[in-house]
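Input: a single structure, listed below in structure tokens.
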Amino acid sequence: MQQYDVIVIGKGNAALCAALAARDQGVSVGMLEAASEDESGGNSRFAGGVMRFVYSSVDDLRRVTDISDEEAAISDFGTNTREEFLDKLYQLTSYRTDADLSEVLVNESLDVMAWLRSKGARFVLNTGRQSSMVNGRRVYFGNMPIEVSGGGAGLVQYLDKAAAKAGIDIHYETRATSLVFDGESVQGVRAQQRGKPVEFRAKSVILAAGGFEANPEMRTRYLGPGWELAKVRGTRFNQGDGLKMALDIGAAPYGNWSGCHATGWDRYAPEFGDVNVGDQFQKHSYIFGLLINADGKRFVDEGWDFHSFTYAKYGGEVLKQPGQFAWQVFVSKVKNLLRSEYRIKFVTKVTANTLEELAPQLEGVNPENFLKTVRDFNAAVRKDVPFDHTVKDGKCTEGIEPKKSNWAQALDTPPYDAYMTTCGITFTFGGLRIDRETGQVLNVHLNKIPGLYCAGEMVGGLFYFNYPSGTGLVSGAVFGRVAGAGAAAAAKNA
Ligand SMILES: Cc1cc2nc3c(=O)[nH]c(=O)nc-3n(C[C@H](O)[C@H](O)[C@H](O)COP(=O)(O)OP(=O)(O)OC[C@H]3O[C@@H](n4cnc5c(N)ncnc54)[C@H](O)[C@@H]3O)c2cc1C
């Protein structure tokens with residue numbers, strides 16, 4: 001039996017941040033990772049790497065990455081003030097986000113970026129995906145001008161290096177199965193290590209083992225019928241183990257257990273994420289096109305806002321359609337605006353020179369209805385409003401349902417490209433209830449469970465129905481750091 005002051009379950013971003021923060025307090029730290037070293041890193045490793053945090057000036061951004069005076073002079077970074085970030089969280093979650101937790105997330109978001117940098121993470125300007133040159137100036141849109149270099153995989157590598165330097169032990173192929181709990185406090189973890197049962201003792205245990213997104217039985221049970229059919233965008237190891245272990249000893253479930261983050265994803269992508277492809281099966285440029293279901297009809301407002309604020313819920317809308325698929329149809333004039341993920345080798349795409357030639361190529365779609373949908377859409381587009389992809393341009397449709405609120409352009413210039421998507425689940429929203437100061441898990445009577453902490457996707461109460469892009473990694477880092485410090489302080493006092 002091995003013993004540590006603090007044991008962390010998982011080895012994604014939240015777990016690594018928790019482990020580093022605990023180690024900063026001088027306690028011994030061990031990590032248990034279900035995956036082999038090759039497959040380790042959780043969903044964090046699949047992440048594109050954009051990160052949403054509070055900034056209101058170039059000086060704030062300079063705490064995270066170097067920006068030269070020349071670069072600053074030609075850039076419009078916008079802002080993401082505390083108020084803007086909170087407003088977005090509240091708006092997208094229909095005012096259900098936990099007031100305490102969201103405040104910690106937002107208030108700590110800039111500090112945690114600087115802390116990650118101090119641990120060796122490198123950040124760069126997000127020029128590729130959410131910025132454009134406009135009249136000689138670089139304009140950033142979506143309030144997220146910085147991403148981690150190398151994406152989520154890069155972030156995990158930086159933190160891995162920091163963990164090795166800090167002397168943190170990592171036990172791979174070690175799947176935690178239950179908590180050692182004497183009815184009063186948590187004292188360790190039971191696990192399966194390469195087919196053998198093992199036990200670890202600790203003064204504090206931090207759960208950072210992700211949600212239940214990779215478990216079709218739990219998806220169906222909590223998210224509802226049909227969710228077993230979703231593709232998994234990331235790791236196959238997030239089976240809901242951490243949540244089950246905690247619920248088994250009376251931890252309080254919290255948040256949107258029937259909700260999740262899910263996006264449009266290539267119809268023929270593999271069952272789980274592929275680290276070599278990362279997030280590139282996603283198709284996030286639908287804001288410039290039409291989403292068409294098997295009946296040949298539109299079913300959402302593609303241009304309600306920038307994709308950052310709709311993509312996480314539109315995957316679920318695709319899942320609800322007959323056959324669980326949707327075609328994204330684009331006209332040639334927006335081709336140059338499509339994100340890099342539209343140009344990968346593995347893509348389900350058809351092209352045609354006329355809409356009549358395109359219609360029968362849209363697998364599974366009623367062609368007559370599709371042509372009627374396009375005719376009606378083209379007639380409804382406001383021609384008096386100019387198109388501008390860098391702002392919500394208000395170029396909308398009138399008189400059709402659903403409306404397209406922005407970036408509506410008639411499908412009238414061939415060739416037409418169409419991409420077939422289904423629903424890809426990213427992570428689940430339901431989690432555990434924690435104390436905001438320490439990350440300590442509360443029981444169903446809302447008392448703290450001695451010795452038990454939690455971070456990352458396992459924290460419930462932050463996201464409901466929807467999610468602003470770039471918040472998962474920052475939330476993992478913020479609550480990882482909180483839980484690491486809380487767990488270490490308790491271990492020192494034990
Ligand atoms: C394709 C994709 C793109 C994304 N892009 C972005 C982005 O650009 N920006 C952003 O902010 N967020 C993004 N996200 C979301 C983000 O990746 C997650 O919110 C975040 O990584 C979750 O971190 P975590 O540490 O909580 O979980 P994870 O990183 O998933 O880590 C969970 C860990 O627990 C381990 N584990 C599970 N069960 C056990 C067990 N029983 N015992 C031991 N270990 C166990 C897993 O192996 C894994 O190491 C993306 C996600 C995906 C899938």
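The values are calculated or read from the model by the stated rules, or taken from the named source; none is laboratory data. Owing to the predicted nature of the structure, the values given are computational and were not obtained by experimental measurement. For neighbour counting, all protein chains shown are included, and Cβ atoms are generated from backbone atoms with ideal geometry for every residue, glycine included. The accessibility values were calculated without ligands, DNA or RNA, using every heavy atom of the protein model including side chains. Shrake-Rupley method; radii C 1.70, N 1.55, O 1.52, S 1.80 Å.
As a check on your grasp of the helix formula, calculate [θ] at 222 nm for the chain: sum -39500 (n - 2.57) over DSSP H runs of n ≥ 4, divide by the residue count, round to the nearest 500. Can you show the working numbers first?
Values: 11 runs with 128 residues, N = 494.
The helix-only estimate for the chain comes to -8000 deg cm²/dmol at 222 nm.
Which whole-Hz ³J(HN,Hα) couplings does region 344-360 yield from phi under the Karplus relation 6.51 cos²θ - 1.76 cosθ + 1.60, θ = phi - 60°, glycine and proline marked x?
Ordered by residue, 3J(HN,Hα) equals 7, 5, 8, 8, 9, 9, 10, 9, 8, 8, 9, 5, 5, 6, 6, 3, x Hz.
Reachable aspartates and glutamates from K297, Cα under 16 Å, same-chain residues fewer than 8 places away excluded?
The reachable aspartates and glutamates, counting only those whose Cα sits under 16 Å from K297, are E317, E356, E363, E368, D376, E401.
Can you compute the label reach from K196? Point 7 Å from Cα along the Cβ direction, backbone N cut-off under 11 Å, restricted to region 168-182.
Nothing falls inside the zone, counting backbone N under 11 Å.
So what J values fall out for region 321-328 if you push phi through Karplus, 6.51 cos²θ - 1.76 cosθ + 1.60 with θ = phi - 60°, rounded to Hz, Gly and Pro as x?
My calculation for region 321-328 gives 6, x, x, 6, 9, 8, 8, 9 Hz in order.
What do you get for the angle between helix 367-380 and the principal long axis of the chain? Use alpha-carbon atoms, 0 to 90 degrees, nearest ten.
Computed tilt is about 80 degrees.
Lys and Arg at +1, Asp and Glu at -1: add these up for the other residues within a Cβ distance under 15 Å of C396 and post the number.
Spelling it out: positives minus negatives among the neighbours equals -2.
All other residues with a Cβ under 9 Å from the Cβ of P468 taken together, and with Lys, Arg as +1 and Asp, Glu as -1, what is their net charge?
+2
Please calculate how many Å² of accessible area the chain carries per residue, with a 1.4 Å probe and no DNA, RNA or ligand atoms counted.
38 Å²
What is the angle, in °, between the Cα long axis of helix 82-92 and the longest principal axis of the Cα atoms in the chain? Nearest 10 is fine, range 0 to 90.
Between helix and principal axis, roughly 70 degrees.
For region 352-494, what value does the Rg/Rh ratio take when both radii are computed over Cα atoms and Rh is the Kirkwood radius, given to two decimals?
Details: Rg = 24.8 Å, Rh = 19.9 Å.
Dividing the radius of gyration by the Kirkwood radius yields 1.25.
Out of region 305-363, which GluC sites (Glu not before Pro) are coil in DSSP terms and have no more than 14 other C-beta atoms within 10 Å?
Of the GluC sites (Glu not before Pro), the ones in loops of region 305-363 whose Cβ has at most 14 other Cβ atoms within 10 Å are E363.
Distance check, please: which entries in K320/K395; K333/K395; K244/K448; K345/K403; K11/K283; K349/K383 exceed 22 angstrom between their Cα atoms?
K320/K395; K345/K403; K11/K283; K349/K383
If the only charges are +1 at each Lys and Arg Cβ and -1 at each Asp and Glu Cβ, what is the size of the charge dipole of region 1-142 around the Cα centre, to the nearest 20 debye?
300 debye
Would you mind calculating the relative contact order of the chain from Cα pairs under 8 angstrom and at least 6 residues apart, reporting the percent as a whole number?
Reported relative contact order: 24 percent.
Round to a whole angstrom and tell me the spacing of the C-alpha centers of region 1-49 and region 277-338.
So the two Cα centres are separated by 35 Å.
Once you charge only the Cβ atoms, +1 for Lys and Arg and -1 for Asp and Glu, what is the size of the charge dipole of the chain about its Cα centre, to the nearest 20 debye? Working shown, then result.
Working: 54 positive and 58 negative charges, 77 e Å.
That gives a dipole near 380 debye.
When every alpha-carbon pair in region 410-494 is counted, what percent end up more than 18 Å apart? Could you put the intermediate results ahead of the total?
Values: 1958 of 3570 pairs.
Of all Cα-Cα distances in region 410-494, 55 percent exceed 18 Å.
Any chance you could list P(r) for region 155-308, counting all Cα-Cα pairs in 10 angstrom bins from zero, rounded to whole %?
Here the calculated profile for region 155-308 is 9, 27, 33, 20, 9, 3.
Counting other Cβ atoms within 10 Å, which trypsin sites (Lys or Arg not before Pro) in region 141-238 have at most 12 and lie in a DSSP loop?
Here the sparse-neighbourhood loop sites are R194.
Size of the chain along its principal axes in angstrom, Cα-based, largest extent first?
If we take the Cα atoms of the chain, the spans are 71, 53, 39 Å.
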